[in-house]
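A quick write-up on the structure given underneath.
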Amino acid sequence: MNPGIILSHRKNTSAMPHHSCNILNLLVAISLATCPTAWTFTPRWTHFHCQPELLERTRIKRCHNLIHVRSPSPSQLNAIDSLSAAAAASAPVLSDYTPAATSLFNNMKLPAAVVTAGMISLGFATSFPELPPDSPERQYSPRLRRRCESLRRLHIVTALVSVTSELIVVMWAAVEVNQLTERVYAPTATVWDLVQRDCDLAWSAVNSHFVLGIIGFVTMLALRAYVMLLAAEASSALMTAASTGTAAALCLMISIVNRGVEAGGGEGVGYGKTILDLVRHYGILLARCATDAQSPGPLEFSAIILEVTSLAFALQVLLLANDKMEDEEECPVVDLDSDYAPLTSKEQEKLDICLAMEARQHELTDSSKKEKAKELDSDSSVNIL
């Protein structure tokens, strides 16, 4: 006889009440839910749908008024406990990671503020180095002087872009720290899940602008060092050593960032493999936020348009090498005796400036002549005495 509920034929044909059908179904369901592996049935009893004509021919055999259910063995209990423990261990534990996310943004804000102070001092408070005037011992070619002037203009633009980039880091990180402190966020399994769910745009923006600012800072240092070495009459070997060392440091910085981007949040979850993937992800999120139908960002959209315009003009400068303002024409020569067309407003303004400069030059010449005359008079009086 199979273990479990022992079903057998009954000899009498007395009808079983209809509510016994429900009792049988309830007992079978409870027993199956308690220990499904304890039941084995013959093919005749594989269906538990209670039919009255079937119940007339069957009965539940009772042993000491108890239903026979096979108890699980100790090995089965241990296996069940092990499975339950493994399932509990594998299930993610949700926690509040807002303090950890706040610490991440503070870790970016403080270095960005320090770098910004250094770049302001280096890029604007301190003048760019210049080549010394020509001397009998050392003469600089006009081409080299023009190159240094171009580098000075490039240094100004690089400093401006780098400082504004780091200021964006400070601003965005400060606002995000305030949001993480003021709002209540749902628990997550890791801090990366919280950042990806609620701070994705801010985190990618902070990292992108911080890295771009650092690259610009290194570029500023390289430009200044190049002109300073030229002014110090450094040899070509020394300049090569300085340039290659700076390039090596820049390559290492970019490699460190690439490794961090590739690692991401672990288990292959991240923005990509290089800094370009990080910047691309930031650009996509910013454009999506600027064009959101529910909460559009007109200033964000304007920032994207202006940045594209800036990059287009920068590319034009690199391709056409037109970083210097065109030299203005000399003062116009007007013949008052002949008939001439009236001057335009621009030409009249230029003529007035030229006349003022010429009058100033005459005043300086007259004053110098008077000073020389006084010196001659004083010398002659001394000789007479």
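The values are calculated or read from the model by the stated rules, or taken from the named source; none is laboratory data. A quick note: this is a predicted structure, and the numbers were derived from the prediction, not measured. Neighbour counts are summed over all protein chains in view; Cβ atoms, including those assigned to glycine, are modelled from backbone coordinates with ideal geometry. Each accessible area value is taken on the protein alone, full model and side chains, heavy atoms only, with ligands, DNA and RNA left out. Shrake-Rupley method; radii C 1.70, N 1.55, O 1.52, S 1.80 Å.
Per residue, the range 114-268 exposes an accessible area of 55 Å² to a 1.4 Å probe, with every protein chain left in place.
Each listed q (0.20, 0.22, 0.26, 0.29 Å⁻¹) maps to a log10 I(q)/I(0) for the range 131-193 from the Debye sum over equal C-alpha point scatterers, namely -0.89, -0.94, -1.06, -1.13.
With all protein chains in place and a 1.4 Å probe, the accessible surface of the range 147-215 carries 68 percent carbon and sulfur.
The range 177-256 and the range 112-161 have their alpha-carbon centroids 21 Å apart.
Quick one: Debye curve from the C-alpha atoms of the range 90-142, no solvent, what's log10 I(q)/I(0) at q = 0.16, 0.20 Å⁻¹? With no solvent term, the Cα-only Debye profile gives -0.74, -0.84. Taking only the alpha-carbon positions of the range 113-258 and ignoring solvent, what does the Debye formula give for the base-10 log of I(q)/I(0) at q = 0.09, 0.16 Å⁻¹? Log10 of I(q)/I(0), two decimals: -0.42, -0.93.
Relative to the current alpha-carbon distance between residue 120 and residue 229, full extension at 0.36 nm per residue lengthens the span by 37.0 nm.
Among 127-140, 164-177, sorting by the average number of other beta carbon atoms lying within 10 angstrom of each residue, highest first, gives 164-177, 127-140.
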